[in-house]
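Below: one structure, written as structure tokens.
The values are calculated or read from the model by the stated rules, or taken from the named source; none is laboratory data. Every value quoted in this text rests on a predicted model; they were computed, and no experiment measured them. We place every Cβ from the backbone using ideal geometry, glycine too, and count neighbours over all the protein chains shown. Surface areas here come from the heavy atoms of the whole protein model, side chains and all, with no ligands, DNA or RNA. Shrake-Rupley method; radii C 1.70, N 1.55, O 1.52, S 1.80 Å.
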Amino acid sequence: MSNPRYRILVSWRFMIQAIGDYKKIFKKYNISYDVIKTKQSLKKKQLVKFIDKYDGIICGDDEINKTVLDKAKKLKVISKWGTGLDSINVQYAKRKGIKVFNTPNAFSNSVSQLTWGFILNLSRNIFETHRQIQKGYWPKISGHLLKNKYLGVIGLGKIGLKIIENGQGFGMKVLGNDIRKINDRKLRKYRIKKISKFSLLKKADIIILCVNLNKTSYRLIDFEEFKYIKKNSIIINVSRGSVINEMALIKALKNKKILGAGIDVFENEPLKSKNKLLKFKNCILSSHNAFNTIDEVKKVNNNSVKNLINGLLEK
């Protein structure tokens, strides 16, 4: 491409994998692109070295803070692949005239599906039964019925509501908590009883965390909170790793204060081989992968490119 009008950086792995599908549209709008492959995301010290070259970026959880934005002299648009914007200083970007886009509600169905996979596996010990059969045994491991139990959802956004909707067939009673005001009509529609966080922790049999990461949700579940959680409860985290104090979770599992846990996100990713969570049979781990279904990944790829182009072309 000769004399491209715009130069962009693509740093998120799923977008990089599909970049060939968008060559024609980039050519149409005279956009050249560079890709940088990372195991997880780009850090500040990496971005400051080259961010000044680009008019736009399609990123994952790259550390786009004030320092990076001050270096980004040409940057016009940040297209975040997915929903979460907690790694981007959005307010500072907007003050500098940089447009920030994401794909709201992108992965509600995917995340809900994995959440119920966690719940069903843990409540019926499916993985442990499978392991025992592989070893040559024929176990009869008892489980827990979900019907008439309390489902406690912290974070009543699109993902939380989709989890509740998808689980309604199990006949559970739904408890909800959110620091935001939730419309009464929505609470009635999903048959949610909204209560305080500590009341929910005391009562819920299944606790699901699906909040955004911010100052109010950082270590929302800490050592103190585990004192209130019922002994036979299951806790699921499909939000961000730092929403749970990992050491508090390890202590709760070690001392059998909870029945089990399903964890998709961690304070430090990828998970290190020495992480103590790997030791527990009643802790099912996923690799920050709740979003990853073929259907919704393609939808977000398309929307991320659309957001980028709209941001570059808007005056």
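Structure notes:
- Residue tally, condition within 16 Å of Cys210 (Cβ to Cβ) and assigned to a strand (DSSP E or B), over segment 145-161: 4
Every residue, every condition in (1) touching an Asp or Glu at 6+ places or on another chain (Cβ under 7 Å); (2) open to solvent by 60 Å² or more (accessible area, probe 1.4 Å); (3) within 23 Å of Ser123 (Cβ to Cβ); (4) small (Gly, Ala, Ser), yes or no:
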{"residue": "Glu225", "(1), (2), (3), (4)": "no, no, yes, no"}
{"residue": "Lys256", "(1), (2), (3), (4)": "no, yes, yes, no"}
{"residue": "Leu259", "(1), (2), (3), (4)": "no, no, yes, no"}
{"residue": "Pro270", "(1), (2), (3), (4)": "no, yes, no, no"}
{"residue": "Ile294", "(1), (2), (3), (4)": "no, yes, no, no"}
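- Residues in segment 4-44 that are among the small types (Gly, Ala, Ser) and either under 21 Å from Lys74 (Cβ atoms) or modelled with pLDDT of 95 or more (or both): Ser11, Ala18, Gly20, Ser32.
- Check on Lys74, loosely packed, with under 15 Cβ neighbours inside 10 Å and part of a helix (DSSP H, G or I): no
- For segment 272-283, a residue qualifies if it is open to solvent by 20 Å² or more (accessible area, probe 1.4 Å), outside any loop (DSSP other than H, G, I, E, B) and either at pLDDT below 95 or under 21 Å from Trp116 (Cβ atoms) (or both), but none of them does.
- Test: residue in segment 206-213 that is out of contact with any Gly (no Cβ under 8 Å at 6 or more places or on another chain), at pLDDT 95 or above and either assigned to a loop (DSSP other than H, G, I, E, B) or buried (at least 19 other Cβ atoms within 10 Å of the Cβ) (or both): no
- If the condition is being in contact (Cβ under 8 Å) with a residue 12 or more places away in the chain, farther than 13 Å from Ile234 by Cα and open to solvent by 40 Å² or more (accessible area, probe 1.4 Å), then segment 113-130 contributes Gln113, Leu114, Phe127.
- Cβ-Cβ under 6 Å pairs, at least 6 apart or on other chains, segment 17-39 side farther than 18 Å from Pro4 by Cα and free of Cβ contacts under 8 Å to residues at least 12 places away in the same chain, far side in a helix (DSSP H, G or I) and not hydrophobic (A, V, I, L, M, F, W, C): none
- Single condition Ile141 does not satisfy, out of (1) open to solvent by less than 30 Å² (accessible area, probe 1.4 Å); (2) part of a loop (DSSP other than H, G, I, E, B); (3) β-branched (Val, Ile, Thr): (1)
- Across segment 17-60, the qualifying residues are those that are part of a strand (DSSP E or B) and of a type in the set (Ser, Thr, Tyr), and the one among them that is most open to solvent (accessible area, probe 1.4 Å) is Tyr33.
- In segment 159-186, the residues that are more than 28 Å from Glu224 (Cα to Cα) and open to solvent by 20 Å² or more (accessible area, probe 1.4 Å): Lys162, Glu165, Asn166, Gln168, Gly169, Phe170, Gly171, Asn183, Asp184, Arg185, Lys186
- Pairs meeting the criteria (first residue in segment 185-202 and in contact (Cβ under 8 Å) with a residue 40 or more places away in the chain, second residue of a type outside the set (S, T, N, Q) and open to solvent by less than 100 Å² (accessible area, probe 1.4 Å), beta carbons under 7 Å, at least 6 apart or on different chains) are Lys197/Ile154; Leu200/Gly152; Leu200/Ile154; Leu200/Leu175; Leu201/Ile207; Leu201/Glu225; Leu201/Tyr228; Leu201/Ile229.
- Residues being acidic (Asp, Glu) and either touching a Leu at 6+ places or on another chain (Cβ under 6 Å) or within 23 Å of Asp61 (Cβ to Cβ) (or both) - total across segment 177-221: 1
- Every residue from segment 1-16 that is in contact (Cβ under 8 Å) with a residue 40 or more places away in the chain and either crowded, with 17+ Cβ neighbours inside 10 Å or assigned to a helix (DSSP H, G or I) (or both): Tyr6, Ile8, Leu9, Val10, Ser11, Trp12, Arg13, Phe14, Met15
- Residues in segment 219-260 that are assigned to a loop (DSSP other than H, G, I, E, B), closer than 15 Å to Lys197 by Cβ and not β-branched (Val, Ile, Thr): Arg219, Leu220, Asp222, Lys227, Tyr228, Lys230, Ser233, Ser239, Asn245.
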